[in-house]
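Peer 1: Following this message is one structure expressed as structure tokens.
The values are calculated or read from the model by the stated rules, or taken from the named source; none is laboratory data. These numbers were taken from a predicted model, which means no experiment stands behind them. Cβ sites come from the backbone with ideal geometry, for glycine too, and all protein chains shown count toward neighbours.
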Amino acid sequence: MMSDFCPERWFEESTPDDYKNCLECGLYKHGSRMVWGEGNPTAPIMIILDNPGALEDRDGNSIVCGTRQTLQRAASDVGLRKEDLYITYILKRRPVRAYDKNQTRQICMNHLYEQISVKKPKLILCLGNVAVQSFFQNAEADVKTMRGSWYDIQGYKTAVAYHPLAVRRRPNLWSLFFSDWKIVADQYELIKTNVLIEQKE
């Protein structure tokens, strides 16, 4: 699936000064650094994942993890450019051991809400059940039963898809993953077309 595709390290947006030393959720104790977001900070499409994968290997060398590889491949295959996308996370730090998941996610959602209010994306795509349940504020939300449709979440047009790691572990999900990305790409094309029509009127 990935053999003919060359992933790349996307631009990483700096964490706002007010949050660089955030201690609220306790994940700072895990030693992983904060990742605020990646891609184009002013992109029309926001991708929400559960938490950031590794950006460096154990020796400190830059890497592109499996999640990012699969995500970039899907975006490329449906015609989206990296300039169209901004990736962010429910948790801004990668957990490396056990933690209070529900409490931590609720605390960290405040950062996400602020990001969304500032960036005002045209479309949002949540990848994986954790991202979907957290953003939809519904513990029963499930990608399998919700994919393929659009939802209005806090005024934002939102779609859902499987987590890239699930697709890597189960290659039979690729066609569904591709289909859900195609829905987003098609909707974005429609938005751009409508904008052009309005500009001509």
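Peer 1: Is it true that some residue in region 130-142 is touching a Pro at 6+ places or on another chain (Cβ under 9 Å), at pLDDT 95 or above and part of a loop (DSSP other than H, G, I, E, B)?
Peer 2: no
Peer 1: May I pose another question? Which members of region 89-107 meet the condition of being out of contact with any Asp or Glu (no Cβ under 8 Å at 6 or more places or on another chain) and either crowded, with 17+ Cβ neighbours inside 10 Å or not in a helix (DSSP H, G or I) (or both)?
Peer 2: Residues satisfying the conditions are Lys92, Arg93, Arg94, Pro95, Val96, Arg97, Ala98, Tyr99, Asp100, Thr104, Arg105.
Peer 1: List every residue pair whose Cβ atoms sit under 6 Å apart, with the two residues 6 or more apart in sequence or on different chains, where the first one lies in region 152-175 and is in contact (Cβ under 8 Å) with a residue 12 or more places away in the chain and over 20 Å from Val64 (Cβ atoms) and the second, anywhere, is assigned to a loop (DSSP other than H, G, I, E, B) and charged (D, E, K, R).
Peer 2: Val160/Arg147
Peer 1: So, of the residues in region 115-129 that are part of a helix (DSSP H, G or I) and without any contact (Cβ under 8 Å) to a residue 40 or more places away in the chain, which turns out to be nearest to the chain's Cα centre (by Cα)?
Peer 2: Asn129
Peer 1: Considering only region 176-201, state which residues are within 18 Å of Gln69 (Cα to Cα) and without any contact (Cβ under 8 Å) to a residue 40 or more places away in the chain.
Peer 2: The answer is Leu176, Ser179.
Peer 1: Being out of contact with any helix residue (DSSP H, G or I) (no Cβ under 8 Å at 6 or more places or on another chain) and within 20 Å of Pro95 (Cα to Cα) is the filter here; which residues of region 124-155 pass it?
Peer 2: Ala131, Gln133
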